[in-house]
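Following: one structure in structure tokens, then a few remarks.
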Amino acid sequence: MSEPLPADRPERLDFQPAPGLTKLLLRNFFYGLLTLGFYRFWARTNLRRYLWGAVRLQDEPLEYTGTGRELFVGFLIVLAVFIPVSIVYAGVQLFLAGDVPALAALDGLYFILLSLLITVAQFRARRYRLSRTLWRGIRAGQGGSSWVYLGRSALWLLAAILTLGLCLPWALADLARYRMQHSHWGSFQGDFAGTANQLVRPLAWVWVVLVSLSVWSAYQFFTLPDGVERLAHFYKLAFTGALLPIFFIYFQIVWLRWYIDGLRLGPMRFKADFSVKKLFWNLALGALGLLVVIGILGMLFFLTMGAAAAIPKPLLLLVFALFVPVVWLGLRLGYYYLMFMPALRRVVLGVAVIGMEAALQAQQAAPDQMRSGEGLADSFDVPL
């Protein structure tokens, strides 16, 4: 457990991104295009160094010391494991061809296995990122067993299925506590003080709304004969599915504030006071702006299609070949400038650290021996 918390003045995080984000994103994009995506490991490393350096505490920036080579080696290791697994999975599918119940069971098992592996990927990625994160020259880190974390995640996933997600607050609290109790910054050991009860209320109303909208409509859709009424319940189910990303974003913001409030590092603790509603609307407006960008790009595409008869065929092929990269670049820039960076700024500026006087007593810990990158996380393209 953490030491008693000192009652000194909180120190706020600061967010000071250096100039050149557009140049960095453009360079990463064009190098990735020229190398057919091979540059992605170095692109991700460059972006992390930029973002880590933008976060400051007492005017000292965070440092990221990871390398693209480490990420690439980790990817190769996992690729060597997953190619045989994928071949076996495809072979079993061919063997069970025509057996619909068996194929459904196989797909369900594969989905559960994939979910658990992604959970472990996130655990391993967190360990790697912490081991490459420094502040004032003192390195962070994470220990713990990936197998133990996998076992806990599997048990909580089973409980979530049996309780229709009602146990999620306790699952999140337990897994967060395991991660933090095996984390450190220098000689300061981590801990987590958040409780499941703090998440029950925000999750409860989300659960009630989704269940109210979906259960009755699903029952009616599967029991009513074909007709207008059955079709209406299908549209209600589709509407509920469209709401899922909105509820997911809302709960992620609530979870993030809860998680930051629960963080402990030796005598240091963290306090988040950013507004959940304001951050949600920031993301919503950013997403709306991104949709406008998509609409403009789509309009340009249809205008090109309309003028296709008047454009020479070689030039038309060139336009289509360039259209997909241009769309991807537009979405990439729009995402960072309309959603990611504004949200990151609001979160960082809304965090304070209590107990900074004791931070001067922290000493360097032994370096993490992790020599390769994130592996599973990169294979599944776990976000930054």
Determine, yes or no, whether Arg179 is under 20 Å from Trp255 (Cα atoms), of a type in the set (D, E, K, R) and not in a loop (DSSP other than H, G, I, E, B). yes
Enumeration of residues in the range 144-185 that are of a type in the set (Gly, Ala, Ser) and touching a residue at least 24 places away in the same chain (Cβ under 8 Å): Gly144, Ser146, Ser153, Ala154, Gly165, Ala173, Ala176, Ser183
Those residues of the range 238-280 which are touching a Lys or Arg at 6+ places or on another chain (Cβ under 9 Å), assigned to a helix (DSSP H, G or I) and among the charged types (D, E, K, R), in sequence order: Asp261, Lys278
Which pairs turn up if I take residues in the range 186-214 that are over 20 Å from Leu244 (Cβ atoms) and hydroxyl-bearing (Ser, Thr, Tyr) and look for partners that are crowded, with 16+ Cβ neighbours inside 10 Å and at pLDDT 85 or above with beta carbon separation below 7 Å, at least 6 apart in sequence or on another chain? Thr195/Ala173
For the range 195-218, which residues satisfy the criterion of being under 16 Å from Cys167 (Cβ atoms), small (Gly, Ala, Ser) and in contact with a helix residue (DSSP H, G or I) (Cβ under 7 Å, 6 or more places away or on another chain)? Ala196
Does Thr35 fit the bill of being without any contact (Cβ under 8 Å) to a residue 12 or more places away in the chain and either under 20 Å from the mean Cα position of the chain (by Cα) or farther than 27 Å from Val353 by Cα (or both)? yes
Of (1) under 22 Å from Phe188 (Cα atoms); (2) assigned to a helix (DSSP H, G or I); (3) at pLDDT 85 or above; (4) of a type in the set (Gly, Ala, Ser), Ala352 satisfies every one except (2)
Please indicate, with yes or no, whether at least one residue in the range 38-46 is more than 18 Å from Phe72 (Cβ to Cβ) and within 24 Å of the chain's Cα centre (by Cα). no
Give the range 182-213 a look and list any residue that's part of a loop (DSSP other than H, G, I, E, B) and of a type in the set (A, V, I, L, M, F, W, C), or say none. Ala193, Ala196
Using the structure shown, decide if Tyr110 is within 30 Å of Tyr336 (Cα to Cα), among the hydroxyl-bearing types (Ser, Thr, Tyr) and surrounded by 14 or more Cβ atoms within 10 Å (Cβ to Cβ). no
Options Gly194, Gly137, Gly143, Gly190; residue that is over 13 Å from Thr119 (Cα atoms) and in contact with a Ser or Thr (Cβ under 7 Å, 6 or more places away or on another chain): Gly190
Restricting the range 44-99 to residues that are of a type in the set (A, V, I, L, M) and closer than 30 Å to Val347 by Cα, which is surrounded by the most Cβ atoms within 10 Å (Cβ to Cβ)? Leu71
Mind checking which pairs have a first residue in the range 122-142 that is under 15 Å from Phe188 (Cβ atoms) and part of a helix (DSSP H, G or I) and a second that is hydrophobic (A, V, I, L, M, F, W, C) and at pLDDT 90 or above, Cβ under 6 Å, 6 or more apart or different chains? Leu130/Ala140
Can you say whether Ile138 is surrounded by 14 or more Cβ atoms within 10 Å (Cβ to Cβ) and of a type in the set (Val, Ile, Thr), as far as the supplied structure shows? yes
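The values are calculated or read from the model by the stated rules, or taken from the named source; none is laboratory data. Keep in mind that what you see is a predicted model, and the values were worked out from it rather than measured. Cβ atoms come from the backbone with ideal geometry, glycine included; neighbour counts cover every protein chain shown.
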